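Read through the structure below, which is laid out as structure tokens, and then see the notes.
The values are calculated or read from the model by the stated rules, or taken from the named source; none is laboratory data. Everything numeric in this text was worked out from a predicted model, so none of it was measured. Every residue, glycine as well, gets a Cβ built from its backbone with ideal geometry; the counts of neighbours run over all protein chains shown.
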Amino acid sequence: MSGDVTRYGSVIGLKTEKLDYYKQLHANAWPEVLEQISNCNIRNYSVFLKQMDDDNYYLFSYFEYTGTDIEADLARMGEDETTRKWWKETDPCQLPLSNRKEGEWWASMEEVFHYE
């Protein structure tokens, strides 16, 4: 693990009819999924929810990456059987943004300010 930390923010829509289920899933996150997140050098991971002026719900994700190869760590996470089962529960709740980059599910966000 390196001493460097890279911060990541991303956003995705949430289906209104899946709001309660999504919140319930995360209130009872699977321990194996949390362990895999940690094993992939992700720390301080949060997901925030907001209903916007368009009446749609959006999720904002924030995490800190402490490893040296995020692509490899995310690929390893995607190979984990329990994580894939978790995504089969969460992905149908989400509405990817139309303006996300090719290959993204959650749309990455640009960090414009940070203060420690």
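For residue 60, indicate whether it is touching a Lys or Arg at 6+ places or on another chain (Cβ under 8 Å) and under 18 Å from residue 10 (Cβ atoms).
Taking the combined requirement at face value, the residue satisfies it.
Can you name every residue in segment 60-97 that is in a loop (DSSP other than H, G, I, E, B), touching a strand residue (DSSP E or B) at 6+ places or on another chain (Cβ under 9 Å) and over 20 Å from residue 23 (Cβ atoms)?
Across segment 60-97, the qualifying residues are 66, 67, 97.
May I ask you to list the residues in segment 1-41 that are assigned to a loop (DSSP other than H, G, I, E, B) and touching a helix residue (DSSP H, G or I) at 6+ places or on another chain (Cβ under 7 Å)?
15, 30, 40, 41
For segment 12-42, name all the residues that are closer than 17 Å to residue 64 by Cβ and surrounded by 14 or more Cβ atoms within 10 Å (Cβ to Cβ).
Correct list: 36, 37, 40, 41, 42.
Among the candidates 64, 79, single out the residue that is within 13 Å of the chain's Cα centre (by Cα), at pLDDT 95 or above and acidic (Asp, Glu).
Just a single option satisfies the conditions, and that option is 64.
Return the residues of segment 44-75 that are more than 25 Å from residue 97 (Cα to Cα) and either in contact with a helix residue (DSSP H, G or I) (Cβ under 6 Å, 6 or more places away or on another chain) or of a type outside the set (Asp, Glu) (or both); say none if nothing qualifies.
If the condition is that a residue be more than 25 Å from residue 97 (Cα to Cα) and either in contact with a helix residue (DSSP H, G or I) (Cβ under 6 Å, 6 or more places away or on another chain) or of a type outside the set (Asp, Glu) (or both), then 66, 67, 68 are the ones that fit.
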